[in-house]
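The block underneath contains the structure these notes are about, expressed in structure tokens.
Read-outs throughout are calculated quantities, based only on the coordinates presented, and are distinct from any laboratory measurement. From a predicted model like this one, the values you see are computed outputs, not experimental measurements. No Cβ is skipped: glycine too gets one built from the backbone with ideal geometry, and neighbour counts run over all protein chains shown.
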């Protein structure tokens, strides 16, 4: 956890920005998640790890509105002005677009860009939930609408610069290298002005250099945009060096939580996740 600054560590002692309590998810007779508890605090990078099929992406889907949990509570604490909502906002059953408007933005395990749009246009799409002009404004195009449209372009280009893609702004997203597409997804998520950024396997398919660059970018984003980060990731080197806290999931249950050091030394994690034999 050498990456953390003093300011961020002080932030981490505050109330959570996301609180998940006793969340379960059933698909027919299959229980994919069972009584999951998890929280993310201001300024934290929290990792959710576990073997393939453990339920990690299902969990992300439950807290971003794609699925409605069978049981339990998902509560977000967005800011209104300078203060957080003391009672929070219940996410269960909320539509995905409203979750995004609330300030929770995610990327996906499988890249979901608009292939026939440029990199700049993909980021501009992310700004849609923060614009005010409606259909009438689009038709009549008053000065306020034109100013807002220019602000969207300028802000989107600035985000491309933040993730190192400004020179590829006018390239179709389908033509971008794989690592650049991953960074573009993050830029589009940032365009929604989130307080919580959820990354689903952001380093998947990347080589070690790209993974290190991604880790440094996440650190910069956390500090510059003052966002919390919740990520699913299989690259343990990245997870251990980036995360403030880690949750370990197996068969839809949380089996361990703590700092990277605490989790890496947990015998239950070593057996279930790192694959140590019981007789070893």
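Observations on the model:
- The stretch 144-280: Cα Rg divided by the 2.2 N^0.38 Å rule of thumb: 1.28
- For 211, 107, order by how many other beta-carbon atoms lie within 10 Å, fewest first: 211, 107
- Sorted fewest first by neighbouring Cβ atoms within 10 angstrom, 108, 114, 59 come out as 114, 108, 59.
- Put in order of Cβ neighbour count within 10 Å, fewest first, the listed residues 113, 214, 98 become 98, 113, 214.
- For the stretch 198-252: rounded, prolate or oblate by the Cα gyration tensor [a/c cutoff 1.5]: oblate
- Taking 0.36 nm per residue of separation and subtracting the Cα-Cα distance, full extension of the segment from residue 251 to residue 35 would add 76.6 nm.
- Whole-Å distance, taken between Cα centres, linking the stretch 39-114 and the stretch 191-215: 16
- Whole-number percent relative contact order across the stretch 162-280, with pairs defined as alpha carbons under 8 Å at least 6 apart: 17
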